[in-house]
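Contents: one structure, followed by commentary.
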Amino acid sequence: MIRKLKDRKKIVTRQVYPDSKYDSELIQKFIRYTMQHGKLQLATRLVYEFLAKIASKYPQFGVKTLFEDQIIGNLLFEYETRKKIFGGSGYHVPQLTEKRRQTIVAMKIFINAARKNQRANKIDIVSSLTIEADNILKGFGCISLKTVSETKKRVAANKALERKSYKKRI
């Protein structure tokens with residue numbers, strides 16, 4: 001897929017192939033985001049271990065739907081704020097987020113929250129991912145849902161800046 005930015009060279013995004021076990025592009029992307037220091041096999045093993053743990057806790061869902069719709073789907077948000085400068089002052093202007101960016105940000109929020117939880121409680125990453133996913137599915141007490149709600153509050157607070165007069169200046 002080729003995207004074109006204004007007056008710049010074309011950016012070629014590489015095609016993501018689905019993972020071998022669940023045949024899902026989103027799980028493959030999640031494996032890539034989880035990977036550290038180029039250790040793909042370790043990241044793959046950890047993610048599959050996490051998915052098996054969370055699937056055993058919630059057997060009513062399939063693994064693919066549990067991950068894509070329930071966990072990552074709860075972390076998606078339609079708007080995000082971007083900093084714009086008007087008349088020497090900086091404002092956070094709400095802008096629509098494209099679907100591709102929504103999933104990328106949701107996965108990064110989820111992984112960062114799990115890593116933060118891992119460092120705080122001195123547990124392994126699989127347990128940390130499982131705890132965070134479990135809290136997302138229950139709907140309370142997790143870092144990633146708190147981050148998403150803070151973003152939604154920031155967007156709601158700055159909704160007035162979304163007027164057409166500001167959009168023309170951007």
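Read-outs: derived from the displayed coordinates by stated rules, not from any lab. Quantities reported herein were computed from a predicted structural model and do not represent experimental measurements. As a convention, Cβ positions derive from the backbone with ideal geometry for all residues, glycine included, and neighbour counts pool all protein chains shown.
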Check your understanding: Ranked from highest to lowest mean number of other Cβ atoms within 10 Å per residue, what is the order of the peptides 128-140, 78-90?
Key -> 128-140, 78-90
Point to revise | Most mobile listed residue (Val155, Val12, Val93) in the chain, GNM with C-alpha springs under 10 Å | key: Val12
**Study point:** Lys116-Arg101 pseudo-label distance in nm [points 7 Å out on the Cα-to-Cβ vector]
**Key:** 2.1 nm
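Could you state the per residue volume, in Å³, of the convex hull enclosing the Cα atoms of the chain?
With only Cα atoms used, the chain gives 161 Å³ per residue.
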**Study point:** Extension gain from Ala156 to Thr13, taking 0.36 nm per residue of separation minus the Cα-Cα distance
**Key:** 48.3 nm
Point to revise | Point-charge dipole on Cβ atoms (K/R +1, D/E -1) for segment 43-170, about Cα centre, debye to 20 | key: 780 debye
Practice item. Report the trypsin sites (Lys or Arg not before Pro) located in segment 1-70 that are in a DSSP loop and have at most 15 other Cβ atoms inside 10 Å of their Cβ, or state none. Key: Lys4, Lys6, Arg8, Lys9, Lys10, Arg14, Lys21, Lys39
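Could you give the length gained by full extension between His37 and Phe61, i.e. 0.36 nm per residue of separation minus their alpha carbon distance, to one decimal place?
Working it through step by step, the gained length comes to 5.4 nm.
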Exercise for review: May I ask for the Rg/Rh ratio of segment 70-170, computed from Cα atoms with Rh as the Kirkwood radius, given to two decimals?
Suggested key: 1.08
Check your understanding: Where in segment 12-46 are there chymotrypsin sites (Phe, Trp or Tyr not before Pro) that are in a DSSP coil and have at most 11 other Cβ atoms within 10 angstrom of their Cβ?
Key -> none
**Study point:** 11 Å beta-carbon shell around Thr44, net charge (K/R +1, D/E -1)
**Key:** +2
**Study point:** Built amide H within the under 5 Å cut-off of Ser24, gap 5+
**Key:** Asp19
Revision key, fill the gap. With the charge dipole of the chain built from beta-carbon charges (+1 for Lys and Arg, -1 for Asp and Glu) about the Cα centre, the Cα from Thr13, Leu137, Ile31 projecting farthest to the positive end belongs to Thr13
